[in-house]
Amino acid sequence: MKKNLFFLIFILSFGTLNAQDFINNSTVNGSFQVDAQFYRPDAVIGITDSSIAGRKLGINGYGNIIYTLGNFKAGMRYEAMLTPIAGFDPRQEGNGFPYLWASYSSDFVDVTVGNFYEQFGNGLIFRTYEEWTLGYDNSMNGMRVVLNPAKGISLKGIYGSQRYYWQKFERNNRGIVRGLDAEMNLNEVVKGMESSPVLITVGASAVSKYQRDADPVYNLPENVGSFAGRLNIGAGNFNLMTEYAHKINDPAAMNNFIYKEGHAMLSSLSYSRSGIGVVLQLKRVDNMGFKSDRSVSGNALDINFLPPINRTHAYSLTGKYPYATQPNGEMGLQFQLNYKIPKGTLLGGKYGTGIAVNFSQVNDIMRTAVNDTTKIGQEGTLGYTSDFFKVSDHIFFRDLNFEVDKRFSNKLKGTFQYMNLLYDIATIEGHAGDPVVEANLFVVDFTYRLTTRKAIRTELQGLWTKQDEGDWAAVMVEYTIAPKWFFALADQYNYGNPDKDHRNHYYTVSAGFTREASRVALTFGRQAEGVVCVGGVCRQVPASSGLTLTLTTNF
Amino acid sequence: MKKILILAFVSMFISVAFSQESAIPKVIIKTLDGKNFNTSEIANDGKPIILSFWAIWCKPCQKELDAFMEHYEEWQAETGVKIYAVSIDDSRSTARVAPLAKGKGWDFDILLDANGDFKRAMNVNMIPHTFLLDGKGNVVSQHTSYFEGAEFELYEKVKKLAGKK
């Protein structure tokens, strides 16, 4: 209600401007998207009339509009998920304006009221963001002020409550989040450093959550503070980034109500110049789940973001086993090399050859009991102690992959990828008791240009493993007429499933038309059960069968 | 109350009249060396600008940028066009953006939009999403998705905009 009043005041204040000013100075832009799925029973993959339960049609509709008048902006997003498409949390069923905001910005100050997204540093103690096409949104509803008192200095203050599906914030039904962040670029602030070849940026942030303690047993901290500091040094082709975060004790459903403090560290060192790039990343997370409601343990109300550091794969089978950060504890590293073998050399050929090597591994942290009578992670205790530098030999995830990009002629080019994977499915997907998946994968992706605008692309993929669902093969053929049309046929075949009755084909036929920023795509067929990941968010998608329509436009 | 508000909002839009073109919104994002960058400073001395949103996990995006790179020297010489490639990778992979882009030999101005603020301001729903801007930052055309050969049609538009055709 208060938010609405703000809006009305803003709108009424325009009365002082005449209509001509509006037309000359205003801009409006926005986008619309509809994802609709029509489900049909498909006994082979276990979908029956009773599992569809009358909900034959799922539709997610979105509309974004941003209005700008000089330094003033206002925007909104409408969502209608009636009923949501398969794979979305049932609590997302609903319609309304979950994102409604207005802001004023000048060179010195930027104020936003209503809903907003913000990130401090790498997000280790605060990040609100959306991947609404995947059903993730933890936006703040409150106020944000950004000040730029001098060149190179930025100060941010935020407070509010977070979005929890369609449930309105009411006193004590979930926590309140408040935070401050400061960032300074030393080259712009410190005299004498203006022309230094070393670029240094430092930042610090503090975030606090308030939630009432109504627990009958435990005495819980009502205000949970967290702090982070970060540093970025760029020197020529080198770049070093590091951030460390600390959180006071925060017993919650996520960590089985232990009173241990939490911390997280993320660092990277990279070297890049034209034709070559190398990066090494390190990460440690210990008891760092941070939600604005301590009783919630699912994929909602996250205050912070603990980035998984491994390659996000882009093909259907290489993306079948994606890693998700274990907020209760993990230690990981990642290495990547990108190299372009120059044109005119033996291996580079006429066009040059691109090579990428990527390795990542994530282990559990080492935990030691606090005393002889307390189990590790026992509820209501200090939980455990953990040495910062000690790694457990329990591997959650390991991925070694090589990729070669090669153009053979003016018409033909290809991408070849090999991947070796180790995936602790019991921990990552919660399939208790399932053995660790060890898999080898191979991808061959060819594009052949028929004319300047017409091309055929083929994709062949294989996944070989003795665990989980066994071996898979996938094939895809796509015909495109740039920039408007595509037609594709694809099949994923689980030919090595240990259960012979589950050796299914998941075939799809799809076509799409794009004109400017409007796109219509239709897909008919079967979707295999699995995890769909886009932009760092993954969600479990159930097997489905039927017709999918996606319509999007932008103006 | 909500209805009145929405009505007021909608009627405002009608009076404004939808415009095809809009100047680049001001959003603070980052450069590859960690400095803040104000997106309203995206400019090219009055010559055309290609603004392309991409990410490390997006294969078609990289194919599109590879295709741009194959012709970039030639395009620059003919029309003076400048390409900005805005990565929407979040903190899980921002550290890998510079090594990947340089390792691929991309010679574009690369910007990091780690929390999607610029993406939202430009109403980008899916990537690749590529804008062609005139010298004043107005959107002349935009396109989502990339298919082999789409770069030629885009370049026709660049040439037209640069007055070379």
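Determine one quarter of the surface area of the Cα convex hull of region A:354-397, which equals its mean projected area, and express it in nm² to one decimal.
4.6 nm²
Averaging sequence separations of C-alpha pairs under 8 Å and six or more residues apart, then dividing by the length of region B:27-113, give the relative contact order as a whole percent.
Here the relative contact order equals 36 percent.
Taking just the alpha carbons, could you work out the radius of gyration and Dmax for the protein assembly as shown, both in angstroms?
25.5, 82
Going by average Cβ density within 10 Å per residue, which order do the peptides A:201-212, A:307-318 take, highest to lowest?
Descending packing order for the listed peptides: A:307-318, A:201-212.
Determine, from the Cβ-Cβ distance of A:I248 and A:Q167 and an R0 of 30 Å, the FRET efficiency 1/(1 + (r/R0)^6), rounded to the nearest 0.05.
FRET efficiency, A:I248 to A:Q167: 0.65.
Would you mind getting me the FRET efficiency between A:A80 and A:K390? Use the beta-carbon distance for r and R0 = 51 Å, nearest 0.05.
0.50
Which lysines does A:K260 reach when only Cα atoms under 20 Å apart count, and residues fewer than 8 places away in its own chain are ignored?
Output for A:K260: A:K209, A:K247, A:K283, A:K291, A:K375, A:K390.
According to the Kirkwood expression over distinct Cα-Cα pairs, how big is the hydrodynamic radius of region A:301-448, in Å?
Every distinct Cα pair counted, the radius reaches 18.2 Å.
Taking the Cα atoms only, what angle lies between the long axis of helix B:94-103 and the longest principal axis of chain B, rounded to 10 degrees?
Roughly 40 degrees, rounded to the nearest 10.
At a Cα cut-off below 17 Å, give the lysines reachable from B:K104, other chains included and same-chain residues fewer than 8 away excluded.
A:K340, A:K343, A:K350, A:K406, A:K413, B:K59, B:K63
For region A:371-530, what number results from the quotient of the Cα radius of gyration and 2.2 N^0.38 Å?
Ratio of Rg to 2.2 N^0.38 Å for region A:371-530: 1.47.
Put a dot 7 Å past each Cα toward the Cβ at A:V477 and A:L522; how far apart are the dots in nm?
2.1 nm
Once R0 is set to 22 Å, what does the formula 1/(1 + (r/R0)^6) return for the Cβ-Cβ distance between A:S106 and A:S195, expressed as a FRET efficiency to the nearest 0.05?
0.15
Over the whole of A:505-515, what's the average partner chain Cβ count within 10 Å per residue? Rounded to a whole number, please.
Mean number of neighbouring Cβ atoms from other chains: 1.
Sum -39500 (n - 2.57) across every DSSP H segment of at least 4 residues in the protein assembly as shown, then divide by the residue count to get the 222 nm mean residue ellipticity, nearest 500.
-3500 deg cm²/dmol
Other chains' Cβ within 10 Å of A:139-145 residues: what's the mean?
Mean number of neighbouring Cβ atoms from other chains: 0.
Taking 7 Å along the Cα-to-C-beta vector as the label spot, tell me the A:F416-A:R503 distance in nanometres, rounded to one decimal.
Here the answer is 2.9 nm between the modelled labels.
What are the principal axis extents of the Cα atoms in region B:21-161, in Å, biggest first?
Reported extents, whole Å, longest axis first: 39, 29, 25.
Go through B:124-137, A:236-249 and give me the packing order, highest mean Cβ count within 10 Å leading.
Answer by packing, highest mean first, reads B:124-137, A:236-249.
Taking just the C-alpha trace of region A:140-285, give me its Rg and Dmax in Å.
Rg then Dmax for region A:140-285, in Å: 19.6, 62.
How do the peptides A:542-553, A:127-138 rank, highest first, by the average count of neighbouring beta carbon atoms within 10 Å per residue?
So the peptides A:542-553, A:127-138, ranked by packing, come out A:127-138, A:542-553.
With axes computed from alpha carbons, what is the tilt in degrees of helix B:150-161 against the longest principal axis of chain B, rounded to the nearest 10 within 0 to 90?
Once rounded, one gets 70 degrees.
Any idea what the relative contact order of chain A is, in percent, if you count C-alpha pairs under 8 Å spaced at least 6 apart?
So the answer I get is 10 percent.
Nearest 5 percent is fine: what portion of the DSSP beta bridges confined to region B:21-161 is antiparallel?
Roughly 60 percent of the DSSP beta bridges within region B:21-161 come out antiparallel.
Return an integer: the convex hull volume of the alpha-carbon atoms of region A:40-160, in Å³ per residue.
Roughly 134 Å³ of hull volume per residue.
Treating cross-link reach as a plain straight distance, find the aspartates and glutamates whose alpha-carbon is under 13 Å from the alpha-carbon of A:K151, omitting any fewer than eight places away in the same chain.
A:D107, A:E183, A:E188, A:E194
If you filter region A:336-395 for chymotrypsin sites (Phe, Trp or Tyr not before Pro), then keep DSSP loop positions with at most 14 other Cβ within 10 Å, what is left?
Passing sites in region A:336-395 are A:F388, A:F389.
Once all Cα-Cα distances of region A:98-163 are split into 10 Å bins that start at 0, what whole-number percent is in each one?
It works out to 20, 49, 27, 4, in whole percents.
At 0.36 nm per residue, minus the direct Cα-Cα distance, what do A:N256 and A:I59 gain on full extension? Give it in nm, one decimal, please.
Computed gain between A:N256 and A:I59 is 67.2 nm.
Determine the shielding of peptide A:118-130 by partner chains: average, over its residues, the number of Cβ atoms on other chains within 10 angstrom of each Cβ.
Average per residue, whole number: 3.
Read-outs throughout are calculated quantities, based only on the coordinates presented, and are distinct from any laboratory measurement. Every value quoted in this text rests on a predicted model; they were computed, and no experiment measured them. Cβ atoms come from the backbone with ideal geometry, glycine included; neighbour counts cover every protein chain shown.
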